[in-house]
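Student: Dumping the structure here so I can ask a few things about it.
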Amino acid sequence: MMISTYFMEMPEEERLDAKQAKARIEQVFSKYRMCKVMKFTMREARITANYEARENGATNRIGDPTSAIAIHNMDKANECLAFCGLIESIIDELEADEQLLIRERYMKAARMTDTKVYSFCFDPPISAVTYGQIRKRAFVKLLHAFQYALNTSRPT
């Protein structure tokens, strides 16, 4: 199955600083949350067709807009499911503390703060410095995993 990799377009690792890396990872998880919660906007067929002037054009073409819309809806649904599955499989490969951090901070809610995660989600609570170290390790692994997923999902 072909997975759209536009969301994971990332420059080479050497050119990314910490802020750029965080922004890219947050962008991927933002799309993940949208796919997980909202799925996508389904297209609907129009009941009546619009008049099209055919000046010296092909008037014998037959189109099936309803089937084109149904195919588009299924493709988008499958793309969202494949994307969510890919992200979840990448997260499953992280260490337990990294998984907890990424799931609580980036995958569940957009408005979750770092303070809430290291104070209330970890048991026992951890310090901000330890949280930063865990997040840095997780981000390095995620960048490598996203880069690998991007390279392997492109057709050659």
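The values are calculated or read from the model by the stated rules, or taken from the named source; none is laboratory data. As the structure is a computational prediction, the values presented were derived from the model and not from experiment. Neighbour counts run over all protein chains shown; Cβ positions are idealised from the backbone, glycine included. The protein model used for the area step is the full one, side chains on, heavy atoms only, and it has no ligands, DNA or RNA in it. Shrake-Rupley method; radii C 1.70, N 1.55, O 1.52, S 1.80 Å.
Student: Scan (1) without any contact (Cβ under 8 Å) to a residue 12 or more places away in the chain; (2) open to solvent by less than 60 Å² (accessible area, probe 1.4 Å); (3) assigned to a helix (DSSP H, G or I) for the single condition Met112 breaks and write down its number.
Tutor: (3)
Student: Lys141 - would you say it is loosely packed, with under 14 Cβ neighbours inside 10 Å, assigned to a helix (DSSP H, G or I) and modelled with pLDDT of 85 or more?
Tutor: Numbers: loosely packed, with under 14 Cβ neighbours inside 10 Å: no; assigned to a helix (DSSP H, G or I): yes; modelled with pLDDT of 85 or more: yes.
It is false that Lys141 is loosely packed, with under 14 Cβ neighbours inside 10 Å, assigned to a helix (DSSP H, G or I) and modelled with pLDDT of 85 or more.
Student: His72 fails exactly one of the following numbered conditions: (1) assigned to a helix (DSSP H, G or I); (2) open to solvent by 40 Å² or more (accessible area, probe 1.4 Å); (3) at pLDDT 90 or above; (4) farther than 16 Å from Ile25 by Cβ. What is the number of that condition?
Tutor: Here His72 clears every test but (3).
Student: Quick one: in the stretch 27-45, which of the residues that are of a type in the set (Lys, Arg) and modelled with pLDDT of 75 or more is nearest to Leu81 (Cα to Cα)? Give the steps one after another, and end with the answer.
Tutor: Pass one, the stretch 27-45, residues of a type in the set (Lys, Arg): 31, 33, 36, 39, 43.
Now restrict to residues that are modelled with pLDDT of 75 or more: 31, 33, 36.
On the way: Lys31: 12, Arg33: 12, Lys36: 8 Å.
Of everything passing the filter in the stretch 27-45, Lys36 is nearest to Leu81 (Cα to Cα).
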